[in-house]
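The next block holds one structure in the form of structure tokens; read it before the comments.
Where a number appears in this text, it was derived from the coordinates with a stated rule and is not lab data. Since this is a predicted model, take the numbers as computed values, not measurements. As a convention, Cβ positions derive from the backbone with ideal geometry for all residues, glycine included, and neighbour counts pool all protein chains shown.
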């Protein structure tokens, strides 16, 4: 039972307390672009959670092998990226040849799998010495964090587009960056720290 | 030699276009994660820039010589593995010689392997364009990316730590919070505004309300709009009337290029075209279909918003990772939600269109 609560708390932490996109900037490019066309958001977020869970769990189990656990930074990066690529390839093959998925569906899966949000999780878990439950919970939370971030950015963009008081030079991409910065500042407040001396 | 001059002109035009006008970060919002999180000092910024440039060049070679025949869904992980070949040696060097710097860039160096900038450019340009042209684009976009990374890193190190290149320059640093990703996004926002203002002042022609055109046909020279033709005086009741009597509406005033038309998009978009078929390399925008006279981007219209309140946003449809917008199996193109965002013309650099027979 405690395993389940560890998983749940890790997921909630990844979504709200330390939203992975705003507190780390992971997957921010995809979040911003998806916020412009959120019609495939749920599918995309589902893929992110799926790949995050599998990759994080596999990397966590690999780290338990002494030979892998003793590797340095560069080798760990190579191993974790290789695991992510393998998970994607296995999934893509199953989708392509087993379920006859469309190419578009495969492409969506590829973009969701091969982005910084998914690869960041095993690297972060290793740094934090997280358990298997933490890894799975963070993976689950990553998809929810992505949905939350996209919803916030999308709502903000709609409001900003109607705001006539935005200076001309800031319209569009600049004000979007500033808006994302303020969201990141707000969510970073949960994790404490000093912002201004 | 004339051919050398021509090549140099083309390179400078590509550099101006890809590194500055369509900066991959400030305009296309690509590769944000390492900048937001990792660019916290000049040294870290330099490491990220070097690793990304190396990854881009390796992907250029691999995509051009090896990956063309693979279907897209297999090319995507291949880009990651090739970029990893640049990231891992960089990480190993830091691990053995500068561990403190490695702890600064942290996992953001590793995340360059899945950088959207490398994937998008590999998919949209490197697999389909001639090697020379691809090299120009890779060099230009790496330069544009590096410039932004270093600028952001400079601001954050100075304001967040009070140091430059690791040396204390002031004891009064006021915002250590800038070292968090929020500081990266904030710096990016102000840098993007500066970039947009500069481009608007020097490059954007004042044209139709909703369109902007970058015409780079004069190599790297900014295009100055020609004065509006003076129309002949309208026939009046008295032909002997002096010209001063002509109504003011007879001739359009010459557009002032310093001023942006109201509602101009400013999101300069992505000039390259979408793939014709999902698994085939897209046609190089330098192909015969390109006009070679710049590109034209329509305004982004907010959902349900006023037309005049168009805003510049990253080219989600044209570039959403080169990878996302493609035909379905039945061949029907995916209709973009914001119809105005797609590039309507490809081949941004002068003379490039005519190069292909």
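Order of B:165, A:73 from fewest to most other C-beta atoms within 10 Å?
Ranked by crowding around the Cβ, least crowded first: B:165, A:73.
On a 0 to 90 degree scale, rounded to 10, what angle separates helix A:73-93 from the longest Cα axis of chain A?
90 degrees
Expressed as a whole number of Å, what is the distance separating the alpha-carbon centroids of segment B:90-154 and segment B:10-68?
The two parts, judged by their Cα centres, are 5 Å apart.
At 7 Å along the Cα-to-beta-carbon direction for both residue A:43 and residue B:202, put a label point, then send me their distance in nm to one decimal.
4.3 nm
For chain A, just say rounded, prolate or oblate: build the C-alpha gyration tensor, square-root its eigenvalues into a ≥ b ≥ c, call rounded for a/c under 1.5, and beyond that prolate if a/b exceeds b/c, oblate if not.
It is oblate, given that a/c is not under 1.5 and a/b is not larger than b/c.
What distance in nm separates the two pseudo spin-label positions at residue A:4 and residue A:162, each 7 Å out from Cα along the beta-carbon direction?
With each label point 7 Å from Cα toward Cβ, the separation is 4.3 nm.
If you take each beta carbon of peptide B:73-86 and count the beta carbons of other chains within 10 angstrom, what is the mean?
What the average comes to for B:73-86 is 5.
When only Cα pairs under 8 Å and 6 or more residues apart are kept, what is the percent relative contact order across segment A:2-191?
It comes to 44 percent, rounded to a whole number.
Zone of residue A:190 (label point 7 Å along Cα→Cβ, backbone N under 16 Å): which residues in segment A:139-163?
Backbone N within reach: A:139-153.
With N residues in segment B:8-202, what two-decimal value do you get for its Cα radius of gyration over 2.2 N^0.38 Å?
Against the empirical 2.2 N^0.38 Å value, I get 1.04 for segment B:8-202.
Tilt of helix A:2-12 relative to the longest C-alpha principal axis of chain A, in degrees (0 to 90, nearest 10)?
The angle comes out near 30 degrees.
What length, rounded to one decimal in nm, is gained on full extension from residue A:12 through to residue A:151, with 0.36 nm per residue of separation minus their alpha-carbon distance?
Result for the pair: 48.3 nm of gain on full extension.
Measure nothing but the geometry: give the 0 to 90° angle between the long axis through the Cα atoms of A:173-188 and the longest principal axis through the Cα atoms of chain A, rounded to 10°.
With both axes taken from Cα atoms, the answer is about 60 degrees.
To the nearest whole number, what is the average tally of beta carbon atoms from other chains within 10 Å of the beta carbons of peptide B:31-41?
Averaged over the peptide's residues, the number is 5.
Would you order A:165, B:64, A:76, B:202 from fewest to most other beta-carbon atoms within 10 Å of each residue's own beta-carbon?
Ranking A:165, B:64, A:76, B:202 by Cβ neighbours within 10 Å, fewest first, gives A:165, B:202, B:64, A:76.
Among A:44, A:177, A:97, determine the one that fluctuates most according to a GNM of chain A built with springs between C-alpha atoms less than 10 Å apart.
Checking each option, the largest mean-square fluctuation is seen for A:97.
Could you order peptides A:129-135, B:116-122 by the average number of other Cβ atoms within 10 Å of their residues, highest first?
For the peptides A:129-135, B:116-122, the packing ranking is B:116-122, A:129-135.
Once the Cβ-Cβ distance between residue A:100 and residue B:81 is put in as r, and R0 is 30 Å, what FRET efficiency do you end up with, to the nearest 0.05?
Efficiency, from the Cβ-Cβ distance: 0.70.
Determine the shielding of peptide B:110-122 by partner chains: average, over its residues, the number of Cβ atoms on other chains within 10 angstrom of each Cβ.
5
Once label points are set 7 Å from the Cα along Cα→Cβ at both residue B:97 and residue B:61, what is their separation, rounded to one decimal in nm?
It works out to 2.0 nm between the two label points.
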